[in-house]
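Engineer: One structure, pasted below without further comment.
The values are calculated or read from the model by the stated rules, or taken from the named source; none is laboratory data. Computed from a predicted model, the values in this text were never measured in an experiment. Every residue, glycine as well, gets a Cβ built from its backbone with ideal geometry; the counts of neighbours run over all protein chains shown. For accessibility, only protein heavy atoms count, side chains too; no ligands or nucleic acids. Shrake-Rupley method; radii C 1.70, N 1.55, O 1.52, S 1.80 Å.
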Amino acid sequence: MTHTPAAVEADGVTRVVCGMVKLIAPRKVDQVAPDDRLIGDLGFHSLVLAELGYNLEDLYGLRPLTPEEAMQLQRVSDIVEFVAGEVAEGRAHTPDVEELDALFARYGAEAPAA
């Protein structure tokens, strides 16, 4: 993999999104993979999906999604691609270490390295 700023940034988004998904997923797993389906594999339902969305909106400064857009995000990789794309286009920002630590601390967990 090349280590351009965009690639490094996408790697950080992957770690943070996978970490958040693992943290709040109703079905506990040892590892979250990009191909995991939120509803089918990880047991997400509407309330937990909303919690994930609000956390990522706050953390990355994302705009709220329309219901149609949200329905397209079925796998962990879909969320990673969406967030990384918004950051790359300048419509969102990468969180700093303090923001990551604060969010994950609310759940009693350590933040992944971004």
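Engineer: Quick one: which residue in GLY108, GLY85, GLY53 is more than 22 Å from PRO34 (Cα to Cα), out of contact with any Phe, Trp or Tyr (no Cβ under 7 Å at 6 or more places or on another chain) and not acidic (Asp, Glu)?
Structural biologist: Selected residue: GLY108, the only one of GLY108, GLY85, GLY53 that is more than 22 Å from PRO34 (Cα to Cα), out of contact with any Phe, Trp or Tyr (no Cβ under 7 Å at 6 or more places or on another chain) and not acidic (Asp, Glu).
Engineer: A further question on this structure: Test of understanding: among ALA84, ALA111, which residue is more than 16 Å from ALA10 (Cα to Cα) and under 14 Å from the mean Cα position of the chain (by Cα)?
Structural biologist: ALA111
Engineer: Cβ-Cβ distance below 9 Å, separation of 6 or more or different chains: which pairs start in segment 45-60 with a residue that is over 13 Å from PHE104 (Cα atoms) and end on one that is of a type outside the set (A, V, I, L, M, F, W, C) and open to solvent by less than 30 Å² (accessible area, probe 1.4 Å)?
Structural biologist: TYR60/GLU86; TYR60/PRO95
Engineer: Open to solvent by 60 Å² or more (accessible area, probe 1.4 Å), on the phi < 0 side of the Ramachandran plot and of a type in the set (A, V, I, L, M, F, W, C), is that true of ALA70?
Structural biologist: no
Engineer: Specify the residue that is surrounded by the most Cβ atoms within 10 Å (Cβ to Cβ); the eligible residues are those in segment 15-46 that are of a type in the set (Lys, Arg) and farther than 20 Å from ALA113 by Cβ.
Structural biologist: ARG37
Engineer: Considering each residue of segment 95-114, count those that are small (Gly, Ala, Ser), open to solvent by less than 60 Å² (accessible area, probe 1.4 Å) and over 13 Å from CYS18 (Cα atoms), and give that number.
Structural biologist: 2
Engineer: Is it the case that some residue within segment 80-94 is open to solvent by 60 Å² or more (accessible area, probe 1.4 Å), within 17 Å of ALA113 (Cα to Cα), touching a residue at least 24 places away in the same chain (Cβ under 8 Å) and of a type in the set (Ser, Thr, Tyr)?
Structural biologist: The answer is yes, given that some residue of segment 80-94 is open to solvent by 60 Å² or more (accessible area, probe 1.4 Å), within 17 Å of ALA113 (Cα to Cα), touching a residue at least 24 places away in the same chain (Cβ under 8 Å) and of a type in the set (Ser, Thr, Tyr).
Engineer: If you check SER77 against the conditions, is it of a type in the set (S, T, N, Q) and within 12 Å of the chain's Cα centre (by Cα)?
Structural biologist: Numbers: of a type in the set (S, T, N, Q): yes; within 12 Å of the chain's Cα centre (by Cα): yes.
For SER77, the condition - of a type in the set (S, T, N, Q) and within 12 Å of the chain's Cα centre (by Cα) - is met.
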